[in-house]
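Read the structure below first, then the notes.
The values are calculated or read from the model by the stated rules, or taken from the named source; none is laboratory data. All figures in this text were calculated on a predicted structure; none of them were measured in a lab. A quick note on method: Cβ atoms are made from the backbone with ideal geometry, for glycine too, and the neighbour counts reach across all protein chains shown.
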Amino acid sequence: MARIRAGWAEADTASRADLENLLRPINDANNAWRFLAREILAYSDWRAGKALAASGEFSQLAADNNAPDSLRNRARAFAQFLAAGGATNIGTVPPLAPPPAPGTPPATQP
């Protein structure tokens, strides 16, 4: 469990190679924690801008009947998010307009 927690704590900043090294002992075909390790690695790919790889990894997790239902549901939702354009950079929200200067009459609605 400590490796899973550490993996999530570092998932936004660590390289995939570093995460693979951290999770290697539990990312084994016979380890019950492997699904959580793979979820972290898929998320890491998404954060690194590798949406196609992440989408494939999340889709595989969602289809794996051996994975816990809750993880399969999360993976399915993330795969759908990516398929719907969740990896598209749409820019940033514009800043709010500054408040009017004191004594300025309120703006009228058109």
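Tabulated data for the structure shown
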{"quantity": "Of all residues making up region 15-52, the number that are aromatic (Phe, Trp, Tyr), modelled with pLDDT of 95 or more and part of a helix (DSSP H, G or I)", "calculated": "2"}
{"quantity": "Some residue of region 85-97 being at negative phi, surrounded by 14 or more Cβ atoms within 10 Å (Cβ to Cβ) and part of a helix (DSSP H, G or I)", "calculated": "yes"}
{"quantity": "Candidate set from region 53-79 (those that are of a type in the set (A, V, I, L, M), touching a residue at least 12 places away in the same chain (Cβ under 8 Å) and part of a helix (DSSP H, G or I)); member that is surrounded by the fewest Cβ atoms within 10 Å (Cβ to Cβ)", "calculated": "Leu71"}
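Per-residue answers, yes or no, for (1) of a type in the set (Lys, Arg); (2) closer than 24 Å to Asp18 by Cβ; (3) over 10 Å from the mean Cα position of the chain (by Cα):
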{"position": "Asn31", "(1), (2), (3)": "no, yes, yes"}
{"position": "Ala54", "(1), (2), (3)": "no, yes, no"}
{"position": "Asn73", "(1), (2), (3)": "no, no, yes"}
{"position": "Arg76", "(1), (2), (3)": "yes, no, yes"}
{"position": "Ala83", "(1), (2), (3)": "no, no, yes"}
{"position": "Thr88", "(1), (2), (3)": "no, no, yes"}
{"position": "Pro98", "(1), (2), (3)": "no, no, yes"}
